Amino acid sequence: MRTATVREFRDQATKLFKETEPILVTRRGRIVGFYLPATGTSLPLEIRRDLFNVLTRTIRRMMKVHGATEEAVLADFEETRKARRRR
């Protein structure tokens, strides 16, 4: 596994994305993320499930912090969709 700082990862992203080994991304010596190269054309079910769970928790937390309701978010999406059709 290769290690790269956030700055190295940012500056060399194009090159690093072509590599086949995982990359551990660090900031000030602490782990902040991983880059796992995709193999094939689709993500395995386990990874898709994990991503869905993380995104769901994050969205739920953000909605709670901002006091948003599901109805308000859906109404905003609908308004945006209608505005895009008018263009």
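Provide Leu51, Leu43 in ascending order of the number of other Cβ atoms located within 10 Å of each residue's Cβ, fewest first. Mind showing how you got there, number by number?
On the way: Leu51 11, Leu43 14.
Sorted ascending by nearby Cβ count, the order is Leu51, Leu43.
Which entry is the computed log10 I(q)/I(0) by the Debye sum over Cα atoms at q = 0.13, 0.17, 0.22 Å⁻¹ for this structure: [x] -0.39, -0.67, -1.09; [y] -0.45, -0.69, -0.97; [z] -0.73, -0.93, -1.02?
[z]
Can you compute 3J(HN,Hα) from phi for each residue in region 75-80, using the Karplus curve 6.51 cos²θ - 1.76 cosθ + 1.60 with θ = phi - 60°, rounded to whole Hz and x for Gly and Pro?
Per residue, the Karplus-derived 3J(HN,Hα) values read 5, 5, 4, 4, 4, 5 Hz.
Tell me what the chain gives for mean residue ellipticity at 222 nm when only DSSP H runs of n ≥ 4 count, each as -39,500 (n - 2.57), the sum divided by the residue total, rounded to 500 deg cm²/dmol. Write down the numbers at each step before the final one.
Details: 4 runs with 50 residues, N = 87.
Rounded to the nearest 500, the figure is -18000 deg cm²/dmol.
Using the Karplus curve 6.51 cos²θ - 1.76 cosθ + 1.60 with θ = phi - 60°, what ³J(HN,Hα) values do you get for each residue of region 7-14, in whole Hz, with x for Gly and Pro?
5, 4, 4, 5, 6, 10, 3, 4
Can you give the relative contact order of the chain as a percent, counting alpha carbon pairs under 8 Å and 6+ residues apart?
Once divided by the residue count of the chain, the mean separation gives 18 percent.
Taking 0.36 nm per intervening residue step and subtracting the Cα-Cα distance, what contour gain separates Thr69 from Phe52 on full extension?
That works out to 4.2 nm of additional length.
Can you give the angle from 0 to 90° between the axis of helix 45-66 and the longest principal axis of the chain, with both taken from C-alpha atoms, to the nearest 10?
50
Given H placed on each backbone N at 1.01 Å, which residues far from Thr5 in sequence or on other chains put an amide H within less than 5 Å of it?
Amide H neighbours of Thr5: Thr26.
All of the numbers you see were taken from the coordinates with simple rules; none came from a lab. None of these values were measured; they are calculated from a predicted model. So basically every Cβ, Gly included, is an ideal-geometry build from the backbone, and we count neighbours across all protein chains shown.
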